[in-house]
Every structure is written in structure tokens, then in C-alpha cells.
Amino acid sequence: MPHDPHDPFNERLRQAYEQGKLHSRQSQNHNLDVGMQQSVEQLRQEVAQQINRNAGGVRKLVDQKMAGVDQKLTDLANIAKALSATRSEPFMGGAPGTIRIEDIPGRRVPFTMLVDIAIGANTTSVREASVTISQEGPFVAVKRMATFQSALEFQVTDQQTGNIGRFAGRSFGRYRPVSSAWDILDSQHNAVADTSTWFWQSVINTGAGPAPEGVLGQPSNMSSFRTMEFDGRFRVINAGSSYPRQNISVPSSFWSTSINAPWDLGALDFFERGEVLTVEVQPTHTNNPPAGNVDGSCVFPNSPGLGYPFIEGQYDAHEGINTPSGVTASGGGDAATVLRLASADPIARLPDGILTIGWEGYRIIQPVGPAI
């Protein structure tokens, strides 16, 4: 039977075919989209897993590197801790590496460093002495000080027998100030209120014969300064590797305050191990010097020759020295009495002394090794 394209049945078959074809196509597209989405999701998961695996390896490598860095930092911290005992941070903008005395390792032990210098009679030339810082550790000075010890002796020759006696003065072994600036005995003379005890009046009362051999009781006869007192200039030379000192001489009145009180230093003074400290001293005033013109006619207008005591004995009253048979009186026991004086002074005075210069502070005791 011939096919009629216009037959309604055929038309319905054609439409059904087209719909089936369209439905099949749509179903294929849907399945393709679902498959594509699944593939993309699977690929995404695979990429994420690979990234995680790679990240895990990187993290492990980074952790290993960081562990090594932490160990190096720990080692550097230990080194810095070991060096902190001798190194400190710059202070007030100071240069890096500045060592502060407080940071130097070692045990602090109180210590007094002293230098003794013999000062002989009539000495005005430079005298010096040295001290070396030992290897046990450096010395840090806090204060400086000085004192002068009398070693005065005198020798007496008997004019009749020629016998010689040697004695110590009253100041022997006693300590004196190193400057007359604080001498509280300045201008304190041996002025006796009772004129009947004066030497001249005693001679008149004695008449002929030996005159009193004690001290002349006249204000002009006795030195107004403390016996065996020192005045001079000090210079300290530091022969070490540290910053050079000013190396100038300083008056002894600037070395201590009041009477032998220590002088506080402006800063802690550091002396390294093995350093040699030299102290130079030049007296500006000799020990118990013979001075003035209290002799001869100035003391005894009616007597020729020397006065009593001799000019070298102006400190005799301080030192307990008496001149035997120094004066003999002759006359009628009045103002015309003539005094006969010894032709030579039987006393040989030896006003020696020992100057002691010191620093008060502490030692930093360390094991023997390179100087710090």
C-alpha cells in the first residue's frame, strides 16, 4: 500500500519519531553533563590530593630547616650568654664592645694598695716608688689617701766626755698630715701667761751659774706649725696599656681632705693586671727646717753669738729635745746678766720620715690568664 505522507497516522508516527529523537538527544546531553561534572570533581580531588601531598613534603622540609635554624639560634644564644660576662650593651651611646667594671667576672675582695717613700732630712728633690698589680686580678680604686709618718731621731754629744747618745723624738712613729692647709696649730705659739716663768726672767732670778736649759718661753721662739709636717706635690705615672693618664703633679693638699681623710675619686679607677704604677713625690717644704732669725741678739740683746736654742732647734719644744749646758749665766742677777752660749750645738737632729700614698678599693680575683 502506497505511503501517504499526508496520512494522519503517518504524521503521528513522524512526530513520535522526532520527539523520541529529541528526547534521546536531551538524555545524552544530560548524561554528558553529569559525566563531565563527575570527571571535573574527580580531577579536582586528585589535584587537591597532589597539592596536599606536595604541601606535606614542603612542610616537612620547612620543619627540618626550621629545626636546624632553631639549633643555630640556640647555639648563638649560648655564645652570647657566655660573652655577656665580659661584654655589655653600649651605654648612653657609647662605642660597641665597651666593658663595664661591674660586668668583669671575678670575686670582689676589699683591698688597700699602698706605696711607701722615704723622705730624708733636708730633701727637696724628687723621690719615687713603684707598685705592680699582681696577676690574681685587676684592682679598682674607689678612694685615694696619703699620710706622713715621723721617724725623727736626734743625737746628743756630751761636750765634757764626748759620749754620744741617740734618742727618738716625741713624734717618732706618729702620723702627720700631708699638707699644712689644715694645720689647726697654725699660729698657736708657746706664749706663757705668767711672765715670771719666761726664760729671761728665770735667768735674772738665777743670777750666776747654769741657766735653765728648757724651752725659751717666748712667743717668737717656737714654731707655730705642727712638727714633722709634710708638704709637696704628687705625680702618678701609669705604665700600662690603658688610656694614658694626665701625668701632672698635684699638690698634696689636693690628695686628701681635711686631716688625712680619703679623697673620693670622680669615677672608679681601673688598674689592669701586670700594670706598673709609679708615684713621684717632690717635697716643697723640708722636714722641721731651720728657718727664721730667732737667734743671737734677737733673743738675748746682751749676749754675743748665737741665741738659745740654736736656729736648727726651733722644733725642739715639740720633739722634747733639750740642749745640755747650752747657756751659762754670769752677772749680778739683774737685767745686766750676760749669758754665755755654747760655741757649738751639741744636738744633731735627723728629721726623717716616711710618706705613704694609698688607694682604697677592691681586687677582682680571677683565674690566671690573659689580662682583662
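The numbers here are math on the coordinates, done by the rules we state, and not lab data. Nothing here was measured: the structure is a model prediction, and the numbers come from that model. Heads up, the Cβs are rebuilt from the backbone with ideal geometry, glycines too, and the neighbour counts pull from every protein chain shown.
Measuring between their Cα centroids, the stretch 338-357 and the stretch 226-278 lie 33 Å from each other.
Between A77 and Q50, the simple spin-label model (points 7 angstrom out along Cα→Cβ) gives 4.2 nm. The order of the peptides 268-276, 172-180 by mean Cβ neighbours within 10 Å, most packed first, is 172-180, 268-276. Most tightly packed first, judged by the mean number of other beta-carbon atoms within 10 Å of their residues, the peptides 250-263, 345-358 read 345-358, 250-263.
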